Structures are given as C-alpha cells and as structure tokens.
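So the structure is just underneath, and the comments pick up after that.
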Amino acid sequence: MRQLRVGLIGAGFMGKAHSMAYASMPMFFWPAPAIPVRAVIAEATEELAAEGAARFGFESSTGDWRRVIDDPTIDIVDIATPNHLHPEMAIAAAEAGKHIICEKPLARTAAEAKTMLDAVQKAGVVNMVAFNYRRTPAIALAKKYIEEGAIGEIVNFRGTYLQDWSADPESPLSWRFQKEIAGSGAIGDIGTHVVDLARYLAGEITAVNGLARTIVPERPKQSGGRDALGTSRSGGELGPVDVDDEMLTMVRFANGAVGSIEATRNGYGRNNFITVEVHGTRGSLYFNYERRDELQVCFADDPGDRRGFRTVYTGPAHPYGEGLWPIPALGIGYGETKIIEAYDLVKCIVEGTEADPNFHDGWRISLIADAILASSESGNWITIDG
Ligand code: NAI
Ligand code: SOE
C-alpha cells in the first residue's frame, strides 16, 4: 500500500491532534487511500522536538523546521505552529513541492494569506486549511440535506462560537493575545471556524457589519511557550492585550440570505459552544458542537400537528459513517474530526483532486475576518473584495 511521509511542524495542542489522526486514520478508513507515516517532527528546540517524536511516534525530530522542507522523502508538510509562522513555512513547503495542511487561521491577515495562496497555486501542490469542524458528521449531514434541497432556499444563517477559557483576567498573555503573533483575537481564532461553516453551508459571504472589543486589556505576561488555554497562571507583571476578546457581526450572503456570527472566549459557562442554525424556505437545521452526534431537523412538509425539531443521531447511514463507529450515538469527538480531515487530505493527494477547504478558502475567510475588524473600526458595512 502506498505511503505518504509526513513532516509535522509544532508539537503543541494541534501537533497532538494531527499525530493522533495520522496514526488512527487507517484504523477507521480501510482500505486507506494511503498510509500516512509519521516521519519527522519539528519544534522550536531540539529538546521539544525529541520529546514530540517520542510522544507522538515520529521516526525522527529536528529543532529546525527547514530540515523538514529540505527532506526529499517528505510528501506532506503539516503546519501546526502559532499563526505568524504559517506564511514562511507554507511558502517554503510549496516551493519545495510538498503537499500542505496548515492550521487555521491561514495567516494573520488576508494579504499574508494571499502570498500563501499564490505560492501553492504556482507549485500545483494539494493545500488544505484545518477548519476541521465542518468534518463533524452532523455538519456534513446538514450540508447534504441543504444540497438535496431538504430545507429549500437558505434565508438565514446564525452561528456562534463561545468559550470561557480566557474570561479570567489572570489567564496569561499567551501568543493568542498578541497581535504580532495571532493577527487578531476571537475573530481569527474562533470566529473564522464559524465563517468557514457559514460559507460551507450557506455560500459565499459578500458583506459584514460587525463590532469587536477587548474586555480584558492587560494580562500577566507569558514569555514564549505553548498556550495553556487558561489552565496555567504565570502571575507577575502585566502586559497589553492588543487583540479582540469578542466579536459579533451581521453578514450578507451572495445568494441573498442574511445572518449573524458571534464569537467570544470570555463567555463563562460556554466551552466549545459552536452552534449553527440554518433557516430555509422549506425547513430548518440546528447543530450544537457540545452535542456533536446530533443534528436537529425541522421540515415544513411534516404534517402541521407533528412539525417541530427532531433529532437525527449520526451514524453509519451518514457522511463518513462507513469509517466511523457501527452504531449511531456511540460518540463523535474532536479526534474524529481530525481523523476525517487526515483521510480527506490523503485521499486528495492520492486522487490528485483539490482539497476542501483549501488556501483559496483560507484567503477568503481571512478577507472576511479583516472586514469584520475594519467594520468594527469604521462602524460601516464592508463589502468583501478580492
Ligand atoms: P500551542 O501553543 O499548543 O503549540 C504551538 C507549538 O508550536 C508549540 O509547541 C511551540 O513550541 C511550537 N513552535 C513555535 N515556534 C516554532 C518553530 N519555529 N518551529 C517549530 N515549532 C514551533 O498552539 P496550538 O493550540 O497547537 O495552535 C497551533 C495552530 O493551530 C494555531 O494556528 C492555532 O490557531 C491552530 N489551532 C487550531 C485548532 C482547530 O480546531 N483547528 C485548535 C487549536 C489550535
Ligand atoms: C482556542 O480558542 C482554541 O484552541 C482555538 O484556537 C481552536 O481553533 C478551537 O477549535 C479550540 O479553541
């Protein structure tokens, strides 16, 4: 069976998730389109890289990510580092002819994302952005129902991504609170996931009118290191937060639909509260990531005295069901979304097809993220150019 050798850059939260996905993918999707081999892992230092290799099962490790790019045996470069490093790494990987998966957001700004898009288009390599939530089977099922016309024409999309890990002002000033590294706050970090779901389910976004604000202006400094996502306390001197903590925006879609998107990392009691509600002319769909196995559906064709939301539990009859668990509601997790992502990436490489979402999508999403911020500053609707 064909093998594809993976060079992973970054052994933090996403390094763990992607490594687990490469190892597990053939256990789920068999026969696998190809076997991903965990070949080399790069980290910020030799020590961290060696630890990553031991923990995540890589053949070798390096403290210099360029050695991954220069290695002629590597087929896939997987970029799982903080956002500011994505462009340089992805462009170098494209120029070396590697297929690429890059974590979201693709870059800090749309201008940076465009340089990455140009590089992969010039190189003709498979490119994917890791917006994995669209690979939750219930979301893929919503997409199928929409494409089949089960809810008619879409008229409204409502999406939220609410978390609380940064609500405590004592939660340190990790890289996610620094514009120089992250680009933006809730907008780029989690709002973009909902923008991806909005574009996937309801079509292209053409204009936004949003607002964004910072709730906690200073946090205890954290010099470098991984983001512990609110689980550590550094104490000590305060430093400025120069990104948004929360955002909300109205959106217009190319097909005439309208909607809203909200994102916060400061909403006490909300953890990974990604919700999507889509209203169509013939029905509605509702999904809440904290109940990942369920898609709520309401069809206008149901008799009036029986109409209302009911629950479809995803399983073998639904998208990706052939590879997942044999009975609905056994439990889809975050890991499964990453396993499906790895499967789709490897399949695209083997079949020579375009990945989805790709760097073009990543760039469009960055344009929308930039526009939300610009709209917040000007107070006006912003049309998405490009
Ligand atoms: P993290 O802070 O847990 O890990 C980042 C790792 O990158 C650290 O181990 C750090 O040492 C390493 N690193 C820094 N500079 C490096 C360099 N020059 N060479 C090699 N490694 C280097 O961050 P996390 O949460 O893993 O985030 C990474 C990326 O993944 C970000 O772009 C983030 O937005 C995205 N992300 C996506 C998620 C999703 O659901 N799709 C979930 C979490 C993060
Ligand atoms: C923190 O908000 C975070 O890790 C994001 O960076 C991810 O993209 C999200 O999926 C989980 O939360």
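The values are calculated or read from the model by the stated rules, or taken from the named source; none is laboratory data. Predicted model only: the values in this text are computed from it and were never measured. When we count neighbours, we look across all protein chains shown, and the Cβ atoms used for this are built from the backbone with ideal geometry, even at glycine.
Data overview
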item: Residue satisfying all of: in region 52-95; surrounded by 19 or more Cβ atoms within 10 Å (Cβ to Cβ) and small (Gly, Ala, Ser); farthest from residue 21 (Cα to Cα) among these; result: 94
item: Region 56-82 residues that are at pLDDT 95 or above, paired with ones that are of a type in the set (Lys, Arg) and within 16 Å of ligand 2 (Cβ to nearest atom) (beta carbon under 7 Å, 6 or more apart); result: 56/16
item: Condition met for residue 307 (crowded, with 19+ Cβ neighbours inside 10 Å and among the basic types (Lys, Arg)); result: no
item: Those residues of region 1-48 which are crowded, with 17+ Cβ neighbours inside 10 Å, part of a helix (DSSP H, G or I) and within 16 Å of ligand 2 (Cβ to nearest atom), in sequence order; result: 14, 15, 16, 17, 18, 20, 21
item: Any hit, region 163-175, residues being within 13 Å of ligand 1 (Cβ to nearest atom), part of a helix (DSSP H, G or I) and modelled with pLDDT of 95 or more; result: yes
item: Any hit, region 185-203, residues being under 17 Å from residue 82 (Cβ atoms), part of a loop (DSSP other than H, G, I, E, B) and touching a residue at least 24 places away in the same chain (Cβ under 8 Å); result: yes
item: Residue under evaluation residue 104, criteria (1) more than 16 Å from ligand 1 (Cβ to nearest atom); (2) in contact (Cβ under 8 Å) with a residue 24 or more places away in the chain, criterion not met; result: (1)
item: Residue in region 256-267 that is surrounded by 15 or more Cβ atoms within 10 Å (Cβ to Cβ), in the same structural domain as residue 161 (by TED's automatic domain parsing), at pLDDT 95 or above and acidic (Asp, Glu) present; result: yes
item: Count of region 204-229 residues which are within 12 Å of ligand 1 (Cβ to nearest atom) and buried (at least 16 other Cβ atoms within 10 Å of the Cβ); result: 4
item: Unmet requirement for residue 142, which otherwise passes all of (1) within 21 Å of the chain's Cα centre (by Cα); (2) more than 18 Å from residue 263 (Cα to Cα); (3) away from ligand 1 (no atom under 16 Å from the Cβ); (4) surrounded by fewer than 21 Cβ atoms within 10 Å (Cβ to Cβ); result: (4)
item: Any chance residue 370 is of a type in the set (Asp, Glu), surrounded by 19 or more Cβ atoms within 10 Å (Cβ to Cβ) and closer than 22 Å to residue 125 by Cβ; result: no
item: Selection status of residue 66, basic (Lys, Arg) and over 30 Å from residue 317 (Cβ atoms); result: yes
item: Test: residue in region 305-322 that is modelled with pLDDT of 95 or more, under 30 Å from residue 260 (Cβ atoms) and within 20 Å of the chain's Cα centre (by Cα); result: yes
